[in-house]
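Colleague: Please find one structure pasted underneath; my questions will follow.
The values are calculated or read from the model by the stated rules, or taken from the named source; none is laboratory data. Keep in mind that this is a model prediction, so the values were computed, not measured. Here the Cβ is made from the backbone with ideal geometry for all residues, glycine too, and neighbour counts use every protein chain on show. Ligands, DNA and RNA are excluded from the accessible area calculation, which covers all protein heavy atoms including side chains. Shrake-Rupley method; radii C 1.70, N 1.55, O 1.52, S 1.80 Å.
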Amino acid sequence: MENEQYGNVGDLGDILKHGALVELAVMTNTQDSRPVTYIETNTFILRAPVANKNWQEEVAVELSSWPRYQRYYEREVREVREGNYRCSCGLALDFLPGATLYLAENNPPTRAILQEQLAAESVTPARLVSEAQSFAKVEFSGELGPLLMLVDPFDRPQAYWKAVSNLTSALCGPQEAGAIEVFQYDEQPVDWPEAPLGFLGPVASIDRTPFQLAVYATAVSADHARSVLSQMGWSAHAVS
């Protein structure tokens, strides 16, 4: 089963999404001494051939206006020079040492490659499922702690929101550090869903149609997330 995502690797949507993800990972990791729980609804693989041959030029445009992309650039450029691209879960592993991973990938061949790459990096996820909706049925136990989630749906974010809400209520209390980044490819304005239990937002968003992103955060993380993302060209939103 061919995965069309290979054709988008390293495009502007990835630059916007992964630049923010790196900064949110650093933010979440430094707000709490405990290992972060990291979740992806559409994981793809850790490393893929870069499809966007203009990545260097496009990321330079963002850097010229928003130097906060520097950390992402410094990590990613080493891959791009070798013809590869470090994808979202790979970046999370780089910036969240010791993180607990809950991953979903619905394309069987892609999921097999992901498993091989995780094993090659000696990473064992807490759960790897075929459908993000399966997270709605997962039972969790243990101490609450910081949470970072990437909801990358390739369809309306609402399709995953029950699973997202289950995860946040089970894994992150309102006084814990936490952020959820949501990506949507759409030519029309996105009606972002209400924040899940314990979260505020969206606290920031960016519209570079067709690439649109929003971030939700707990009360502990909201101001920091707004500050970081506003330094990357995002619009900050005051929420109560």
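Colleague: Go through VAL61, VAL22 and list them by solvent-accessible area, largest first, probe radius 1.4 Å.
Modeller: Final ranking, largest accessible area leading: VAL61, VAL22.
Colleague: Projected onto the charge dipole of the stretch 1-127 (+1 at Lys/Arg Cβ, -1 at Asp/Glu Cβ, origin at the Cα centre), which of VAL36, LEU24, TYR73 gives the Cα projection farthest towards the positive end?
Modeller: So the residue we want is VAL36.
Colleague: Can I ask one more? Please report the relative contact order for the chain, taking Cα pairs under 8 Å with a sequence separation of at least 6, and give it as a percent rounded to a whole number.
Modeller: In percent, rounded to a whole number, it is 21.
Colleague: Take the Cβ-Cβ distance between SER134 and ALA51 as r, set R0 to 30 Å, and report the resulting FRET efficiency rounded to the nearest 0.05.
Modeller: Efficiency for this residue pair is about 0.55.
Colleague: Given a 1.4 Å probe, how much area per residue of the chain is accessible, in Å²?
Modeller: Computed with neighbouring chains in place, this is 43 Å² per residue.
Colleague: What trypsin sites (Lys or Arg not before Pro) does the stretch 64-102 have in DSSP loop regions with at most 14 other beta carbons within 10 Å?
Modeller: Of the trypsin sites (Lys or Arg not before Pro), the ones in loops of the stretch 64-102 whose Cβ has at most 14 other Cβ atoms within 10 Å are ARG81.
Colleague: Another question, if that's okay. Report the charge-dipole magnitude of the chain in Debye, nearest 20, computed about the Cα centre from +1 at each Lys and Arg Cβ and -1 at each Asp and Glu Cβ.
Modeller: Charge dipole, the chain, about its Cα centre: 380 debye, nearest 20.
Colleague: Okay, moving on. Calculated from the structure, Cα Rg over 2.2 N^0.38 Å equals which of (i) 1.21; (ii) 0.93; (iii) 1.39?
Modeller: (ii)
Colleague: Evaluate the distance, in nm, between pseudo-label points positioned 7 Å from the Cα of GLU74 and of ASP186 along their respective Cα→Cβ axes.
Modeller: Calculated label separation equals 3.6 nm.
Colleague: What shape does the stretch 1-79 take by its C-alpha gyration tensor, where a ≥ b ≥ c are the square roots of the eigenvalues and a/c under 1.5 counts as rounded, a/b above b/c as prolate, and the rest as oblate?
Modeller: In terms of gyration-tensor shape, oblate.
Colleague: Still on this structure, I have one more. Just how far, in whole angstrom, is the stretch 196-240 from the stretch 1-51 if you go by their alpha carbon centroids?
Modeller: 17 Å
Colleague: Moving on. In whole percent, and with a 1.4 Å probe on the protein chains, what portion of the accessible area of the chain is carbon and sulfur?
Modeller: 48 percent
Colleague: Let me ask something else. Largest first and in whole Å, what are the equivalent-ellipsoid semi-axes of the stretch 117-231 based on the Cα gyration tensor, each being the root of 5 times an eigenvalue?
Modeller: 23, 19, 15
Colleague: Take every DSSP beta bridge with both residues inside the stretch 14-173 and express the antiparallel ones as a percent of the total, to the nearest 5.
Modeller: 20 percent
Colleague: Taking the Cα centre of the stretch 151-240 as origin, work out the dipole magnitude from +1 charges on Lys and Arg Cβ and -1 charges on Asp and Glu Cβ, in debye rounded to 20.
Modeller: Using only the charged Cβ atoms, the result is roughly 160 debye.
Colleague: Label points 7 Å out from Cα along the Cβ direction at THR124 and ARG208: separation in nm?
Modeller: Rounded to a tenth, the inter-label distance reads 3.9 nm.
Colleague: Also, quick follow-up: DSSP loop (so not H, G, I, E, B), at most 16 other Cβ within 10 Å: list which GluC sites (Glu not before Pro) in the stretch 44-95 pass both filters.
Modeller: Taking the stretch 44-95 and a limit of 16 other Cβ atoms within 10 Å, the loop GluC sites (Glu not before Pro) found are GLU82.
Colleague: Moving to a separate point now. From the mean inverse distance of alpha carbon pairs (Kirkwood) and the Cα radius of gyration, derive Rg over Rh for the stretch 55-157.
Modeller: 1.00
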